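Trainee: The structure that follows is given in the form of structure tokens.
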Amino acid sequence: MFEGLSSKLTGIFDRLTGRGALNEADVTEAMREVRVALLEADVALPVIKDFVARVKEAAVGQDVMRSITPGQQVVKIVHDHLVDLLGRTAEPLNVGVTPPAVIMMLGLQGSGKTTSSAKLAKYLTEQERKKVLLASLDVQRPAAQEQLAVLGQQINVVSLQIIAGQTPVQIAGRALDTARKEGFDVLILDTAGRLSIDEELMAEAASVRDATGPHERLLVVDAMTGQDAVETARRFDAQIGITGIVMTRIDGDARGGAALSMRAVTGKPIKFLGVGEKTAALEVYHPDRLANRILGMGDVVSLVEKAAAAIDANEARDMAEKFMSGKAFDFDDLAKHLQQMQKLGGLSGMMGMLPGIGKLKDKLKDANVDDKLLKRQEAIIRSMTPAERKDVDLLGAARKRRIAKGSGVEVSEVNKLIKQFLEMQRVMKQVKKMGKGGLLGGLMPKLKGGEMPDLSHLMGGKEF
Amino acid sequence: MTEEKKTGWLSRLRAGLKKSSNKLSENIVSVLTKKKLDDEALEQLEEALLMADLGPAAAARLVADFGKTRFGKDVSETEIKEALAEQITVILQPVAHPLVIDRDKNPFVVLMVGVNGAGKTTTIGKLAQHYKQQGLQVLMAAGDTFRAAAVGQLKIWGERTGVPVVSGDEGCDAAALAYQAMERARKDAVDLLLIDTAGRLHNKNDLMQELAKIIRVIKKQDESAPHAILLVLDATTGQNAHAQVESFREMAQVTGLVVTKLDGSAKGGVLVALADKFKLPVHAIGVGETADDLQAFRAEDFARSLMGLEGDAA
Ligand SMILES: Nc1nc2c(ncn2[C@@H]2O[C@H](COP(=O)(O)OP(=O)(O)OP(=O)(O)O)[C@@H](O)[C@H]2O)c(=O)[nH]1
Ligand SMILES: Nc1nc2c(ncn2[C@@H]2O[C@H](COP(=O)(O)OP(=O)(O)OP(=O)(O)O)[C@@H](O)[C@H]2O)c(=O)[nH]1
Ligand SMILES: [Mg+2]
Ligand SMILES: [Mg+2]
């Protein structure tokens, strides 16, 4: 979903990767690109300006020498600020009040209010065991009340009986009465779509609010919304006072920058994400997950954090220097490499953190990532003599059989490891040519534009 | 569409665009009044365009072109607005084409496509009203067999406009319904068949395939149909409109666009970039929720409204 922005930022920061230090000029250039990426992601310009200024300040001031690569350090700063902006914690629905808790759904035409009303009703009924009443106050759109009634039936939630000719305020009053008399825990009021500049309809929404005192006033917005997000959020908040945001159509490929804009402008939390047309397609909002998705870096950030924690920086530098100095990559190096990978959570752990993986999920399943593989491969190497570890050419058929026996695997697996080793040697040479040192540089030679890094040499030769 | 209506829609559009235009104007005024057009001024101009959803590439290009001819000159606020509006008009003019109904087709088939909630069903109702008033025999088909009460919604549009609606049960096959509608339209010698479809996100391959199937089935009865495949875009949409146009054009051979909800605070500026990139005709715009709230797209009016200019060119 937010893949676009993530891969874009990855591309930007990848250019910084491998440079020794991060100076102001680098950051300024990167921030220019961040600005464009965020604009293309539909984050509102005033929000971007503020965001970029803050990130820049933080990035330039930092001691980047300690980090694995300066680029990845910047990614983390951008990410942290994004999470700050989006809100650190998930904020639950305020429904633990003396019943009935009233939830009022608001928003522009077609943003997804009616569908989200039904989704919330289902969620509250099934996850929180609430007795929910649905009521549509939409007397504008043709068949709007019927739409909510049909959805209610689908999810087995009661919806208020439709009486033609009533005004929204009348329906709301009747709904509240019914909810009180019949012991409902939650009343969800779906309202007609309205433009934030439509004074008459905004006033009507305010009357409904005054008549029912809703505990939650949720603004429902489309993830595809552009710069207008600021205007809409500000006006709804000023005139009705919203308590939270529901962002719909996250299942699309919009980059969802509107989430950032609205949050920044209103300070109100994003509470739910709509991820499809069906009534079950609702997710509770988690800020860091959304930030990761907006960044679209898979989870480079936690990869960096883990790497920093797990790998002795000196060891990494030694290894990088060894590659760079042109010394041959041998089986001892591979063994070290394998150990470090295990510290990082094994193949599947690492893959999960890499950008662009979303698209490849199914293929990954087919590829059968096998975490025990690393251990077996280490065992194979341990069964080699020191001489064999230094010189792959020594490994003839007899020696391979001995090694297989020693490590308890089939000869074919020894062959595979040798093939992978040779491939890796080739990659290391390439990396050297590209001038990218560092362990992560070696592991992820092509971490660019969300492209899948070439890990095929580690995966039993399976092609993606 | 009548002259009276034109004034009506213009004032509506302006009223809708007012807030944004005011902001746009304010931005421009604050920096540029009685000032030489310098880099800083151009940057502010670019920002104003960005906030109207033109997108980074289009905004940069427009401003660069603008700067080329006027850099260093003393310019007034109105001059700048007029000049930019002219530049935008030049981009939009080639795509401002009304939908032409070929009366030799029996029927002329229009398929309405787009993402969820964009305004497809409403626009069909508006088109039905317009062409019925022009004396055409119109038929609508409730091809959204998925969404709750979508059929009921179109049926109400049928009652409002006095145009018959072909429908099946909710959950029935949309392609089969399109086929039925074609049959009935041919039998009843209908001039114009308007087929609604369910909203679908362009990145969902199965749903896009379903659309391709609907088109194939329609072609079984008339190889030249659908004669128009209209993509409905919501003016509130930002840069994702590019992806929408791209996918729907590729998967559903879209022939033209309708932009809805231009009566709101959103500027619909992405249309400028879309016009430049895809050159798809923009047939009409939606400026409200009633049957009469559909208007022809006029490049100059749109551009001037976007720049916050009132009335016709000086
Ligand atoms: N793909 C996708 N579609 C959604 C989502 N939420 C809603 N929709 C679809 O968006 C369209 C509009 O949804 P509604 O719930 O009718 O929107 P609304 O805000 O009630 O519309 P009005 O009442 O006309 O203002 C429908 O086709 C829904 O199925 C979502 O999260 N993902
Ligand atoms: N203000 C305004 N509202 C509009 C316009 N066009 C459509 N709407 C409203 O937008 C909402 C969605 O319109 P629909 O016609 O149901 O949209 P759709 O594309 O058919 O939606 P799905 O079938 O659910 O995908 C409704 O509340 C319409 O009244 C317009 O030009 N201006
Ligand atoms: Mg609704
Ligand atoms: Mg519809």
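The values are calculated or read from the model by the stated rules, or taken from the named source; none is laboratory data. Predicted model only: the values in this text are computed from it and were never measured. All Cβ positions, glycine included, derive from the backbone under ideal geometry; neighbour counts span all protein chains shown. With ligands, DNA and RNA removed, areas are computed over all heavy atoms of the protein, side chains included. Shrake-Rupley method; radii C 1.70, N 1.55, O 1.52, S 1.80 Å.
Trainee: Go through region A:166-204 and give me each residue that's within 16 Å of ligand 2 (Cβ to nearest atom) and either open to solvent by 50 Å² or more (accessible area, probe 1.4 Å) or in a loop (DSSP other than H, G, I, E, B) (or both).
Mentor: If we filter region A:166-204 for residues that are within 16 Å of ligand 2 (Cβ to nearest atom), which is where we start, we get A:168, A:190-202, A:204.
Within region A:166-204, A:T191, A:A192, A:G193, A:R194, A:L195, A:S196, A:I197, A:D198, A:E199, A:E200 qualify.
Trainee: Moving on. Pick out the one residue from B:Q239, B:Q253, B:Q221, B:Q295 that is open to solvent by 20 Å² or more (accessible area, probe 1.4 Å), in contact (Cβ under 8 Å) with a residue 24 or more places away in the chain and within 18 Å of B:H97 (Cα to Cα). Steps first, please.
Mentor: Working: B:Q239 fails: within 18 Å of B:H97 (Cα to Cα); B:Q221 fails: within 18 Å of B:H97 (Cα to Cα); B:Q295 fails: open to solvent by 20 Å² or more (accessible area, probe 1.4 Å).
None of the others qualify; the one that does is B:Q253.
Trainee: What are the residues in region A:138-152 that are over 17 Å from A:T178 (Cβ atoms) and either more than 12 Å from ligand 3 (Cβ to nearest atom) or open to solvent by less than 50 Å² (accessible area, probe 1.4 Å) (or both), if any?
Mentor: Start the filter on region A:138-152 by keeping residues that are over 17 Å from A:T178 (Cβ atoms), which leaves A:138-144, A:146-147, A:150-151.
The answer is A:D138, A:P142, A:A143, A:A144, A:Q147, A:V150, A:L151.
Trainee: Moving on. Residue check, A:M247 against (1) in contact with a helix residue (DSSP H, G or I) (Cβ under 9 Å, 6 or more places away or on another chain); (2) within 15 Å of ligand 2 (Cβ to nearest atom); (3) of a type outside the set (G, A, S), all met but one. Which one?
Mentor: All conditions are met except number (2).
Trainee: Right, next: Out of the residues in region A:231-247 that are open to solvent by less than 10 Å² (accessible area, probe 1.4 Å) and more than 7 Å from every other protein chain (Cβ to nearest Cβ), which is farthest from A:V36 (Cα to Cα)?
Mentor: If we filter region A:231-247 for residues that are open to solvent by less than 10 Å² (accessible area, probe 1.4 Å), which is where we start, we get A:232-233, A:236, A:240, A:242, A:244-247.
Restricting the remaining residues to those that are more than 7 Å from every other protein chain (Cβ to nearest Cβ) gives A:233, A:236, A:240, A:242, A:244-247.
On the way: A:A233: 23, A:F236: 28, A:I240: 33, A:I242: 30, A:G244: 28, A:I245: 25, A:V246: 26, A:M247: 23 Å.
Step by step, filter region A:231-247, then rank; the result is A:I240.
Trainee: Just checking, how many residues over region A:92-136 are more than 23 Å from A:R234 (Cα to Cα) and not polar (S, T, N, Q)?
Mentor: Residues meeting the conditions: 22.
Trainee: Related question: Does A:T243 meet the test of being of a type in the set (S, T, N, Q), in contact with a Lys or Arg (Cβ under 7 Å, 6 or more places away or on another chain) and in the same structural domain as A:A281 (by TED's automatic domain parsing)? Working first, answer last.
Mentor: On the way: of a type in the set (S, T, N, Q): yes; in contact with a Lys or Arg (Cβ under 7 Å, 6 or more places away or on another chain): yes; in the same structural domain as A:A281 (by TED's automatic domain parsing): yes.
It is true that A:T243 is of a type in the set (S, T, N, Q), in contact with a Lys or Arg (Cβ under 7 Å, 6 or more places away or on another chain) and in the same structural domain as A:A281 (by TED's automatic domain parsing).
Trainee: Next question. Take the residues of region B:196-209 that are surrounded by fewer than 19 Cβ atoms within 10 Å (Cβ to Cβ) and not in a helix (DSSP H, G or I): which is nearest to ligand 2 (Cβ to nearest atom)?
Mentor: Residue satisfying both the conditions and the ranking: B:K204.
Trainee: May I ask you to list the residues in region A:244-263 that are touching a Pro at 6+ places or on another chain (Cβ under 8 Å) and assigned to a helix (DSSP H, G or I)? Step through it out loud before you land on a result.
Mentor: Applying the first criterion (touching a Pro at 6+ places or on another chain (Cβ under 8 Å)) to region A:244-263 yields A:244-245, A:263.
A:R263, the sole residue that qualifies.
Trainee: Does any residue in region A:62-89 that is at pLDDT 70 or above come within less than 9 Å, Cβ to Cβ, of a residue that is β-branched (V, I, T) and surrounded by fewer than 21 Cβ atoms within 10 Å (Cβ to Cβ) six or more places away or on a different chain, and which pairs are these?
Mentor: Correct list of pairs: empty, since none qualify.
Trainee: Among the strands (runs of 3 or more DSSP E) contained in region B:226-290, which hold 3 or more residues that are more than 8 Å from chain A (Cβ to nearest Cβ) and within 16 Å of ligand 4 (Cβ to nearest atom)?
Mentor: Details: elements: B:228-234, B:256-260, B:282-286.
Here the list reads B:228-234.
Trainee: Applying the selection to region B:121-152, what residues are within 10 Å of chain A (Cβ to nearest Cβ) and open to solvent by 10 Å² or more (accessible area, probe 1.4 Å)? If you could, list the steps in order and put the result at the bottom.
Mentor: Step one: filter region B:121-152 for residues within 10 Å of chain A (Cβ to nearest Cβ), giving B:121-122, B:125, B:146-152.
Scanning region B:121-152 gives B:T121, B:T122, B:F146, B:R147, B:V151, B:G152.
Trainee: Another question, then. Counting just the residues of region B:103-120 that are in contact (Cβ under 8 Å) with a residue 40 or more places away in the chain and away from ligand 4 (no atom under 12 Å from the Cβ), which one comes out most open to solvent (accessible area, probe 1.4 Å)?
Mentor: To start, the set of residues in region B:103-120 that are in contact (Cβ under 8 Å) with a residue 40 or more places away in the chain comprises B:103, B:105-120.
Adding the requirement that they be away from ligand 4 (no atom under 12 Å from the Cβ) leaves B:103, B:105-111.
Numbers: B:R103: 132, B:K105: 63, B:N106: 93, B:P107: 2, B:F108: 12, B:V109: 0, B:V110: 2, B:L111: 0 Å².
Filtering region B:103-120 for residues that are in contact (Cβ under 8 Å) with a residue 40 or more places away in the chain and away from ligand 4 (no atom under 12 Å from the Cβ), the one most open to solvent (accessible area, probe 1.4 Å) comes out as B:R103.
Trainee: Considering region B:216-225 alone, what residues qualify as being in a helix (DSSP H, G or I) and of a type outside the set (V, I, T)? If you could, list the steps in order and put the result at the bottom.
Mentor: Residues of region B:216-225 that are in a helix (DSSP H, G or I), as a first pass: B:216-221.
Listed by number, the residues that qualify are B:R216, B:K219, B:K220, B:Q221.
Trainee: Also, quick follow-up: Can you tell me how many residues within region A:112-164 are in contact (Cβ under 8 Å) with a residue 12 or more places away in the chain, part of a loop (DSSP other than H, G, I, E, B) and more than 10 Å from every other protein chain (Cβ to nearest Cβ)?
Mentor: Going through region A:112-164 one residue at a time, the tally reaches 11.
Trainee: Turning to a different aspect of this structure: From the list B:D169, B:D196, exactly one residue is within 14 Å of chain A (Cβ to nearest Cβ), among the charged types (D, E, K, R) and in contact with an Asp or Glu (Cβ under 6 Å, 6 or more places away or on another chain). Which is it?
Mentor: On the way: B:D169 fails: in contact with an Asp or Glu (Cβ under 6 Å, 6 or more places away or on another chain).
Only one candidate qualifies: B:D196.
Trainee: Return the residues of region A:230-244 that are out of contact with any helix residue (DSSP H, G or I) (no Cβ under 7 Å at 6 or more places or on another chain), in contact (Cβ under 8 Å) with a residue 40 or more places away in the chain and more than 16 Å from ligand 2 (Cβ to nearest atom); say none if nothing qualifies.
Mentor: A:T243, A:G244
Trainee: Please tell me if A:A135 is open to solvent by less than 60 Å² (accessible area, probe 1.4 Å) and in the same structural domain as A:I250 (by TED's automatic domain parsing). Please lay out each step first, then the result.
Mentor: Values: open to solvent by less than 60 Å² (accessible area, probe 1.4 Å): yes; in the same structural domain as A:I250 (by TED's automatic domain parsing): yes.
Answer is yes for this residue.
Trainee: Might you check whether a residue that is assigned to a helix (DSSP H, G or I), farther than 26 Å from A:T98 by Cα and either within 14 Å of chain B (Cβ to nearest Cβ) or away from ligand 2 (no atom under 16 Å from the Cβ) (or both) occurs anywhere in region A:212-228? Give the derivation first.
Mentor: Applying the first criterion (assigned to a helix (DSSP H, G or I)) to region A:212-228 yields A:212, A:228.
Keeping just the survivors that are farther than 26 Å from A:T98 by Cα gives A:228.
Now drop any that are not either within 14 Å of chain B (Cβ to nearest Cβ) or away from ligand 2 (no atom under 16 Å from the Cβ) (or both), which leaves A:228.
Yes, region A:212-228 contains a residue that is assigned to a helix (DSSP H, G or I), farther than 26 Å from A:T98 by Cα and either within 14 Å of chain B (Cβ to nearest Cβ) or away from ligand 2 (no atom under 16 Å from the Cβ) (or both).
Trainee: Can you name every one of the strands (runs of 3 or more DSSP E) wholly within region B:97-195 that holds 3 or more residues which are within 16 Å of ligand 2 (Cβ to nearest atom) and under 22 Å from B:V259 (Cα atoms)?
Mentor: On the way: elements: B:108-113, B:138-141, B:192-195.
Counting at least 3 such residues, we get B:108-113.
Trainee: Also, quick follow-up: Can you tell me which condition B:G268 does not meet? The list is (1) crowded, with 22+ Cβ neighbours inside 10 Å; (2) at pLDDT 95 or above; (3) touching a strand residue (DSSP E or B) at 6+ places or on another chain (Cβ under 8 Å), and all the others hold.
Mentor: (2)
Trainee: In region A:248-266, what count of residues is obtained for those that are open to solvent by less than 10 Å² (accessible area, probe 1.4 Å) and facing chain B (nearest Cβ under 8 Å)?
Mentor: Residues flagged as open to solvent by less than 10 Å² (accessible area, probe 1.4 Å) and facing chain B (nearest Cβ under 8 Å) within region A:248-266 amount to 4.
Trainee: If you check B:A212 against the conditions, is it away from ligand 4 (no atom under 16 Å from the Cβ), surrounded by 15 or more Cβ atoms within 10 Å (Cβ to Cβ) and in contact (Cβ under 8 Å) with a residue 12 or more places away in the chain? Spell out the reasoning first.
Mentor: Details: away from ligand 4 (no atom under 16 Å from the Cβ): yes; surrounded by 15 or more Cβ atoms within 10 Å (Cβ to Cβ): no; in contact (Cβ under 8 Å) with a residue 12 or more places away in the chain: yes.
The answer is no for B:A212.
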